[in-house]
1. Which residues, counting only those in region 88-114, are assigned to a helix (DSSP H, G or I) and of a type in the set (D, E)?
2. Among (1) farther than 21 Å from D147 by Cα; (2) among the β-branched types (V, I, T); (3) in a helix (DSSP H, G or I), which single condition is T46 missing?
3. Restricting attention to region 19-28, and to residues there that are surrounded by 13 or more Cβ atoms within 10 Å (Cβ to Cβ) and charged (D, E, K, R), which single residue is modelled with the highest pLDDT?
4. Which of the following residues is part of a helix (DSSP H, G or I), modelled with pLDDT under 90 and not polar (S, T, N, Q): I244, I248?
5. Restricting attention to region 128-177, and to residues there that are among the hydroxyl-bearing types (S, T, Y) and loosely packed, with under 14 Cβ neighbours inside 10 Å, which single residue is modelled with the highest pLDDT?
6. Is at least one residue of region 106-119 surrounded by 20 or more Cβ atoms within 10 Å (Cβ to Cβ) and more than 17 Å from A201 (Cβ to Cβ)?
7. With the structure loaded, tell me whether I125 is among the β-branched types (V, I, T) and at pLDDT below 90 or whether it fails that test.
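The values are calculated or read from the model by the stated rules, or taken from the named source; none is laboratory data. Because the structure is a prediction, the values reported are computed rather than measured. Note that we place each Cβ from the backbone using ideal geometry, even for glycine, and neighbour counts take in every protein chain shown.
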Amino acid sequence: MLDFHAVEVMSETDKQIYKYVVKNVEKVKTMGVRELADETHTSTATIVRFYKGIGAQSFENFKREISILYRGPYLMNKDREIKDIEINIRRFQMAKFDQLIDAFRRLIQAHEYIVFLGVGNSGEIAKYGARFFSNVGYYATAITDPDYPPILRGLSKHLIIVISESGETFSVIKKVKTLKEHNSKIVLLTNFSSSTLTSLADLTINYHCTHVAVPHSFNLTSAIPVIYIIERVGYELYNMDKRILEAI
């Protein structure tokens, strides 16, 4: 699956390629790499970097995925939205989910520093998560710039909470690999149970939402479930240690 979160943090050149592609899907389906480079006034190396940056394994794979995604504008309807909500409600009521939340809570309490990490839409959720945790007495910060200088000292004391709908955002994967090399623990909140980031995480909590991407736009997949997960563990932290707020 192509990761359109990556488009949000790409260079202006790559964004121009993306805009050209979604406006000319039928034409691009018959092109080679050189032809697309000529049409977008870039190089073949730039085209290769672009399609790999959004998760395509090859140019043919990229064209196939694009043609599937952009057969026409697609937006959620009420029935699909309600079905997604019902699926998540059932999942959130399971004992297995309670165990995941408990494991998440214990990891938070075992670390001195909490850092949320995400880019694009996920970056905005990361900022919300950091503020929410701080509100319940567990100070947290958010990194939303993939080029932000990495934390390299005391990382064994850091818990990194990664927000990634697809689990395949290249810039986030690169950052997480660096953090793992320095012994940080990683918690991943994601829409997919199998991804590159899943393989790197110490704990993964996944939810279910229909992936929505429309032409000339970015990812429109609902963020309701991941917000619930953040708030749920925040409430658990508060209920476990009310004394923190009472002492302020």
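1. We begin by selecting, within region 88-114, every residue assigned to a helix (DSSP H, G or I); these are 88-92, 95-109.
Matches in region 88-114: D98, D102.
2. Of everything listed in (1) farther than 21 Å from D147 by Cα; (2) among the β-branched types (V, I, T); (3) in a helix (DSSP H, G or I), T46 misses just condition (1).
3. Filtering region 19-28 for residues surrounded by 13 or more Cβ atoms within 10 Å (Cβ to Cβ) gives 19-22, 24-25, 27-28.
Cutting the leftovers down to charged (D, E, K, R) gives us 19, 27.
Working: K19: 80, K27: 88.
Among those residues, the one meeting the criterion is K27.
4. Values: I248 fails: part of a helix (DSSP H, G or I).
Just one listed residue meets the conditions, I244.
5. Pass one, region 128-177, residues among the hydroxyl-bearing types (S, T, Y): 128, 134, 138-139, 141, 144, 148, 156, 164, 166, 169, 171.
Next, only the ones that are loosely packed, with under 14 Cβ neighbours inside 10 Å stay: 139, 148, 156.
On the way: Y139: 92, Y148: 80, S156: 70.
By that ranking, first place goes to Y139.
6. No, there is no match, as no residue in region 106-119 is surrounded by 20 or more Cβ atoms within 10 Å (Cβ to Cβ) and more than 17 Å from A201 (Cβ to Cβ).
7. Numbers: among the β-branched types (V, I, T): yes; at pLDDT below 90: no.
When the stated conditions are applied, I125 does not pass them.
Residues are listed down the side, and each one gets a yes or a no for (1) over 14 Å from the mean Cα position of the chain (by Cα); (2) in a helix (DSSP H, G or I); (3) more than 18 Å from F104 (Cβ to Cβ):
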| site | (1), (2), (3) |
| --- | --- |
| I160 | no, no, no |
| G167 | no, no, no |
| N183 | yes, no, yes |
| T198 | no, yes, no |
| S222 | no, no, yes |
